[in-house]
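Asker: Submitted below is the structure of interest, expressed as structure tokens.
The values are calculated or read from the model by the stated rules, or taken from the named source; none is laboratory data. Quick caveat: nothing in here was measured; it's all calculated off a predicted structure. Glycine gets a Cβ as well: all are built from the backbone with ideal geometry, and neighbour counts include every protein chain shown. Keep in mind that these areas ignore ligands, DNA and RNA; they rest on the heavy atoms of the full protein, side chains included. Shrake-Rupley method; radii C 1.70, N 1.55, O 1.52, S 1.80 Å.
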Amino acid sequence: MIEINYPAVSDTSPLPAGSCLLEGFPAPCAIVIMGASGDLTARKIMPSLFSLYKKKLLPDPCLILGCARTAYSDDEFRTVMKKALFASSKDAEGWEEFASRLYYRQIFYDDLSSYEGLATGLSELEKKAGTAGRRIFYLAVPPSLYESIALMLGEAGLSREPEGGDVWTRIVVEKPFGRDIETARHLDAALHKHFAEHQIFRIDHYLAKETVQNVLILRFANAIFEPIWNRRYVDNVSITAAESLGVGHRAGYYEEAGVLRDMFQNHMMQLLSLTAMDPPSQFDADTVRDEKVRVYRSLRPFPVDDLENHLIVGQYKAGVIDGNKVPGYREERGVSPDSLTPTFAAMKVFIDNWRWQGVPFYLTSGKSLAKKLTEIRIQFKEVPHSMLRSIIGEHITANTLTIGISPEEKITLSFQTKNPGMRICLRSADMEFCYEGSGKTPSGDAYEKVLMDVMLGDQMLFWRQDGVELCWSFLTPIIAECEACSGRAEMLRFYEAGSKGPGGFRQISETAGTLSSFSDYRGVRLT
Ligand code: BG6
């Protein structure tokens with residue numbers, strides 16, 4: 001491996017060492033969490049808010065109001081949150097002061113009078129706290145409740161924004177945005193009944209990951225990549241989101257969703273567009289999202305009449321991960337014993353434009369695989385002519401550029417070098433930028449970034465409805481065909497938990513250059 005010395009930031013940047021473009025500081029606001037007694041609040045939202053508070057990034061004053069059906073007093077809510085956050089650690093320093101900003105109000109999601117009570121109660125709290133009427137409604141509830149909550153908030157007058165001035169109201173929803181194109185449009189219409197587009201923040205937590213954002217910087221803040229980022233030099237692109245975890249306690253949701261809705265309609269499509277988009281003319285929310293949308297528009301309609309050559313779907317059986325026996329999907333609690341829900345999918349897609357014509361993009365995601373690995377891998381073409389063909393044969397391993405997102409956040413360029421010695425032998429070498437070794441590791445959960453951006457009103461990292469609909473338009477026929485086709489059971493390939501997925505012994509990278517159909521696909525690259 002080649003070592004790189006990282007210059008201090010001030011050596012390369014006109015900005016002072018360690019500084020970044022100032023994004024502003026959020027104005028005082030109230031954060032109302034719907035679904036405050038649920039899992040998402042305890043696991044992600046509250047820890048992120050507390051972490052922002054400890055980093056002095058929460059506005060002051062800031063008021064956090066939890067709402068849910070459970071009857072808690074303010075103090076009970078504070079205690080429940082404290083237990084959730086510090087179950088395994090005693091480091092609750094700062095909690096009591098933070099918790100003084102927490103309040104709770106019982107709410108019945110389909111009862112208008114409950115929302116009218118909320119409107120009155122919230123105004124009183126705001127007056128006391130001095131948050132000036134700026135409000136965020138975070139819907140940390142099952143997606144089936146989005147529509148009615150958005151409507152009720154509107155009917156109770158809670159979506160209004162006074163004209164002019166700097167008082168705003170925002171609503172945050174998290175994927176899934178519908179379960180097909182029709183339901184996505186329906187949900188959008190419900191949100192828009194009382195909220196304008198600039199008030200709606202559709203979260204995809206992948207976009208808040210440091211390395212995912214770094215794809216844009218790598219591509220467009222360096223002159224060396226863009227000239228070769230196209231069909232002339234790129235052979236294929238693999239985007240992988242492999243997980244070692246199974247569905248766990250989310251079986252109820254997952255049975256209905258499956259991997260195509262759970263990972264492809266959102267995270268995989270975002271990674272695809274970041275990799276394939278044209279350079280935006282400026283770094284603002286709409287310009288960047290316009291370019292992404294152009295990628296979705298250029299997706300070649302999927303050949304649904306030839307699924308077996310373009311799509312693999314699988315489901316995990318019992319197996320062993322990290323030395324522990326794990327159940328098969330059908331044995332998970334809440335899963336039907338003859339479920340046909342896919343927990344793994346690999347698909348080959350094409351983008352029909354000048355840049356990418358003919359370049360396959362392999363998208364792969366699955367649960368209960370051998371390990372967690374999220375990465376984007378650009379495989380370049382082999383050298384056009386090998387001067388070494390008489391010595392080492394026809395092929396020279398092609399260069400790859402790998403953007404590692406998880407577990408390691410790093411960028412690796414692999415290339416050929418001469419193996420030291422008398423004879424001509426090649427060996428691959430890696431040039432690596434690893435956040436960990438750079439002295440500046442990504443800090444904070446993706447949810448911290450998401451919450452910060454909602455407070456700042458920056459929609460860059462959030463889905464715009466046109467993107468959501470285009471992705472659904474692409475995926476809906478695939479999902480419909482998978483779910484309807486008479487050979488649904490035959491399509492599903494079973495794989496052992498802890499393996500590389502269906503097939504599982506040859507890696508995609510070995511065949512990628514010449515892979516013209518999926519019939520010889522042998523599993524995800526997990527090295
Ligand atoms: C979520 C999916 O959106 O992303 C989960 O619903 C999945 O099924 C998760 O496990 C993966 O996120 P990450 O950040 O762990 O890669």
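Asker: By how many degrees, between 0 and 90 and to the nearest 10, does the Cα long axis of helix 181-194 differ from the longest principal axis of the chain?
Answerer: 30
Asker: Now, a different point. Run the reach check for K317 against aspartates and glutamates, Cα to Cα strictly under 17 Å, same-chain hits fewer than 8 apart removed. What comes back?
Answerer: E243, E255, E331, E332, D338, E490, E496
Asker: Straight distance only, please: which lysines reach the Cα of K449 with their own Cα at less than 18 Å, same-chain residues fewer than 8 apart left out?
Answerer: Once the sequence-local lysines are set aside, what remains near K449 is K44, K54, K55, K56, K175, K209, K440.
Asker: Within the stretch 91-174, report the GluC sites (Glu not before Pro) that DSSP leaves as loop and that have at most 10 other Cβ atoms within 10 Å.
Answerer: E93, E163
Asker: Convex hull over the alpha-carbon atoms of the stretch 24-88: what's its volume per residue in Å³?
Answerer: On the way: hull volume 5.9 nm³, N = 65.
It is 91 Å³ per residue.
Asker: Still on this structure: List the pair-distance distribution P(r) of the stretch 45-128, using every Cα-Cα distance, as the percent of pairs falling in each 10 Å bin from 0 up to the bin containing the longest distance, rounded to whole percents.
Answerer: Binned Cα distances yield the sequence 16, 46, 31, 8, 0.
Asker: Which order, highest average first, do 209-218, 296-305, 58-67 follow once you tally other Cβ atoms within 10 Å for each residue and take the mean per peptide?
Answerer: Peptide ranking by packing, descending: 58-67, 209-218, 296-305.
Asker: Then there's this: Measuring from centroid to centroid over Cα atoms, what is the spacing of the stretch 266-319 and the stretch 419-436 in Å?
Answerer: If you average the Cα positions of each part, the centres end up 33 Å apart.
Asker: Considering Cα pairs under 8 angstrom that are at least six residues apart, work out the relative contact order of the chain and quote it in whole percent.
Answerer: 17
Asker: Can you give the angle from 0 to 90° between the axis of helix 465-484 and the longest principal axis of the chain, with both taken from C-alpha atoms, to the nearest 10?
Answerer: For 465-484 against the chain, the angle is about 70 degrees.
Asker: Tell me, what is the per residue accessible area of the chain in Å², probe radius 1.4 Å?
Answerer: Normalised by residue count, the accessible surface of the chain is 46 Å².
Asker: Next question. Relative contact order (percent) for the stretch 104-240, with alpha-carbon contacts under 8 angstrom and 6 or more residues of separation? List each step's numbers first, then the result.
Answerer: Numbers: 124 pairs, mean separation 27.7, N = 137.
Relative contact order comes out at 20 percent.
Asker: Same structure again: If you find the alpha carbon centre of the stretch 161-220 and of the stretch 343-384, how far apart are they in angstrom?
Answerer: Between the Cα centre of the stretch 161-220 and that of the stretch 343-384, the gap is 26 Å.
Asker: Taking only the alpha-carbon atoms of the stretch 84-164, what semi-axes of the equivalent ellipsoid follow from 5 times the gyration tensor eigenvalues under a square root, in whole Å, largest first?
Answerer: In descending order, the three semi-axes are 27, 19, 12 Å.
Asker: Considering only DSSP beta bridges where both residues belong to the stretch 234-385, give the percentage that are antiparallel (nearest 5). Let's see the in-between values first.
Answerer: Values: 22 of 28 bridges.
The answer is about 80 percent antiparallel.
Asker: Hand me the GluC sites (Glu not before Pro) from the stretch 351-447 located in a DSSP loop with no more than 13 other Cβ atoms within 10 Å, in residue order please.
Answerer: E394
Asker: If Rh is defined by the Kirkwood formula over all Cα pairs and Rg also comes from Cα, what ratio Rg/Rh do you get for the chain? The partial results should precede the final answer.
Answerer: Values: Rg = 24.6 Å, Rh = 25.1 Å.
In the chain, Rg relative to Rh is 0.98.
Asker: Output the Kirkwood hydrodynamic radius of the stretch 152-293, Cα pairs only, in Å rounded to one decimal. Don't skip to the end; give the middle numbers.
Answerer: On the way: mean 1/r = 0.0553 Å⁻¹.
Mean inverse Cα-Cα distance, inverted, gives 18.1 Å.
Asker: Could you list the trypsin sites (Lys or Arg not before Pro) in the stretch 362-432 that lie in coil according to DSSP, counting only those with at most 14 other Cβ atoms within 10 Å of their Cβ?
Answerer: For trypsin sites (Lys or Arg not before Pro) across the stretch 362-432 that sit outside H, G, I, E and B with at most 14 neighbouring Cβ atoms in 10 Å, the list reads K371, K372, R423.
Asker: Tally the DSSP beta bridges in the chain and give the antiparallel ones as a percent, rounded to 5.
Answerer: Antiparallel bridges make up about 55 percent of those DSSP assigns within the chain.
Asker: If you don't mind, there's one more thing I want to ask. Return the carbon/sulfur percentage of the accessible area of the chain, one whole number, probe 1.4 Å, all protein chains in place.
Answerer: Result for the chain: 53 percent of the exposed heavy-atom area is carbon or sulfur.
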